[in-house]
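The values are calculated or read from the model by the stated rules, or taken from the named source; none is laboratory data. Computed from a predicted model, the values in this text were never measured in an experiment. Positions of Cβ are backbone-derived with ideal geometry, glycine not excepted, and every protein chain shown enters the neighbour counts.
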């Protein structure tokens, strides 16, 4: 079971602003899904190695050579608020009232 | 004349174009006109007449128009991944998969609708409205590559590509009566494919027949320096030609018996097993004891990876930014609240929870161990069998809205497709017949899934081809009789399909 308080905490971690209605609904839905997922708690997995990659691959090294990257202007084209060759964002500090 | 052109398989069209019997121009125009008649909300963007790289390259796919799921970046062409947060986004580069199709001579026909960030099994999670099933417009086409499946099934494109994370190529292919192939993880580059769950995401073809799937796969596969997990398929891919299944052993998981498969789907599955035996194949029951935990493991691993991958949508570098925000954190939170839909939020929350302090080992750690067990089960099955077979989906296409209020019921659509994704192995869905949905109504396509060991794509395609020739599903295709008018609300039989043609 996942409590409303936990939902609020996780939403904060995920940088998601949820409305009151969304919080309520999410608590119920996540609980339902986790209840199903919790069945894997019954399995004996003590000596099992977790999957790190699904196909057997050998590490392949490549020469570390400098290559041209994207021009700054190209990368800024899709930005919502480019300014002076950079991405402009609101101040990280809340305005004093 | 146009109708005849649209009925050609991709393989047949390439032969006629190469022989000079058909102009790539004429063929391309016919398909652009067909795509313009989209009444399924399947396209999000379409190339204009004459605008797309005409007079294009020679190559194995010379002159073939391809529909591309809107999850693949296309330089200068809007790429949204079905999300509001990427509305208007024009990528500065093209995904390797799309670039390779272009190098083989193919042309971009359009970008197809999809569940937002490929999260969904019905296409109802698109920010741009649901796609309709070409067989019955009140039903879903499946998801998340629903647009790609609907354009091929509905006669709006000769072939398409999509992505499959837990069934997103195979399940919509099944529900739309076409072929869908998820290759081995690593067969095709993921570069420029907008990430959902990076350890599972794989590009693949959606086509009208198995030969066309092989043609597309041959062009798509290969190592790419831009994706270090891509290795390609050693020896490449050839058009399949096998006509029997003698000496091949097919494994049917016994766990199937316990699960909620619609009776009509089960009947088509049994008939298909009988056909395999007629073709000389052997059928055994085996056990995949951990596959029933596939959904649990998948719905921890995929959301966990998604929660990390989707952290990049923060309103800073690309995509939409919410207006009127105060400080930086507030801007992040409101941008993401406004930009993401319900299912994406649900999965970000689920994934963030599973990775959060105190829960990581119980969820993510255990899920990755279950994943190992599922892969081990397949390895054991393949030690004395060539293939594992299941129905692709437990049901035929369901009604729009039928499962939107119950996320878990929606997730269960992936029951048969998720285990192969977790194991990283290739699997194909081919149309095997028609079945009435539960509660009655016109008969709808049923998919048959065949899975093979990693990188055994050629063997998989050969078996699927032999079976396809025996099934002769082509006569049922909505596009075969009337590419512009898929049947709506009327019972369709093989005889009718032929009469129309």
Positions within the range B:399-448 being at pLDDT 95 or above, within 12 Å of chain A (Cβ to nearest Cβ) and part of a loop (DSSP other than H, G, I, E, B), in sequence order: B:424, B:425, B:426
Where a residue in the range B:121-139 is within 28 Å of residue B:339 (Cβ to Cβ) and its partner, wherever it lies, is assigned to a loop (DSSP other than H, G, I, E, B) and at pLDDT below 95, with Cβ under 7 Å and at least six apart: B:122/B:403; B:124/B:404
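Return yes when residue A:82 is more than 9 Å from chain B (Cβ to nearest Cβ), touching a helix residue (DSSP H, G or I) at 6+ places or on another chain (Cβ under 8 Å) and either without any contact (Cβ under 8 Å) to a residue 12 or more places away in the chain or farther than 18 Å from residue B:300 by Cβ (or both) and no when it is not.
Yes.
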Could you tell me which residue of the range B:329-361 is nearest to the other protein chains (Cβ to nearest Cβ), considering only residues that are over 30 Å from residue A:46 (Cα atoms) and outside any helix (DSSP H, G or I)? B:340
Positions within the range A:42-60 being within 7 Å of another protein chain (Cβ to nearest Cβ) and touching a helix residue (DSSP H, G or I) at 6+ places or on another chain (Cβ under 9 Å), in sequence order: A:43, A:45, A:48, A:49, A:50, A:51, A:54
The range A:1-18 - residue that is in a loop (DSSP other than H, G, I, E, B) and within 8 Å of chain B (Cβ to nearest Cβ) and, of those, surrounded by the most Cβ atoms within 10 Å (Cβ to Cβ): A:14
Pick from the range B:449-485, criterion outside any helix (DSSP H, G or I) and at pLDDT 95 or above, ranking: surrounded by the fewest Cβ atoms within 10 Å (Cβ to Cβ): B:456
Out of the residues in the range B:296-328 that are within 7 Å of chain A (Cβ to nearest Cβ) and part of a helix (DSSP H, G or I), state the one that is surrounded by the fewest Cβ atoms within 10 Å (Cβ to Cβ). B:328
Among (1) facing chain B (nearest Cβ under 9 Å); (2) assigned to a helix (DSSP H, G or I); (3) touching a helix residue (DSSP H, G or I) at 6+ places or on another chain (Cβ under 6 Å) - the single one residue A:27 does not satisfy: (1)
Those residues of the range A:25-79 that are at pLDDT below 90 and under 26 Å from residue A:1 (Cβ atoms) come to a total of 0
Residue under question is residue B:273, and the condition is that it be in a helix (DSSP H, G or I) and on the phi < 0 side of the Ramachandran plot; does it hold? yes
For the range A:85-92, indicate whether the set of residues that are part of a loop (DSSP other than H, G, I, E, B), under 28 Å from residue B:201 (Cβ atoms) and more than 10 Å from every other protein chain (Cβ to nearest Cβ) is non-empty. no
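Being without any contact (Cβ under 8 Å) to a residue 24 or more places away in the chain, more than 7 Å from chain B (Cβ to nearest Cβ), over 22 Å from the mean Cα position of the chain (by Cα) and closer than 18 Å to residue B:333 by Cα: is that true of residue A:67 here?
So residue A:67 fails the test.
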State the number of residues belonging to the range B:369-394 that are touching a helix residue (DSSP H, G or I) at 6+ places or on another chain (Cβ under 7 Å) and either under 22 Å from residue B:143 (Cβ atoms) or in a helix (DSSP H, G or I) (or both). 11
Of residues in the range B:74-107 being buried (at least 24 other Cβ atoms within 10 Å of the Cβ) and part of a loop (DSSP other than H, G, I, E, B), the one farthest from the other protein chains (Cβ to nearest Cβ): B:106
Are any of the residues in the range B:156-174 closer than 15 Å to residue B:38 by Cα and either out of contact with any strand residue (DSSP E or B) (no Cβ under 6 Å at 6 or more places or on another chain) or surrounded by fewer than 24 Cβ atoms within 10 Å (Cβ to Cβ) (or both)? yes
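Please specify each residue of the range B:214-235 satisfying the condition of being more than 14 Å from chain A (Cβ to nearest Cβ) and exposed (fewer than 13 other Cβ atoms within 10 Å of the Cβ).
B:235
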The range B:1-19, residues that are at pLDDT 95 or above and not in a helix (DSSP H, G or I): B:8, B:9
Filter the range B:24-50 for residues that are modelled with pLDDT of 95 or more and not in a helix (DSSP H, G or I) and give the result. B:37, B:38, B:39, B:40, B:41, B:42, B:43, B:44, B:45, B:46
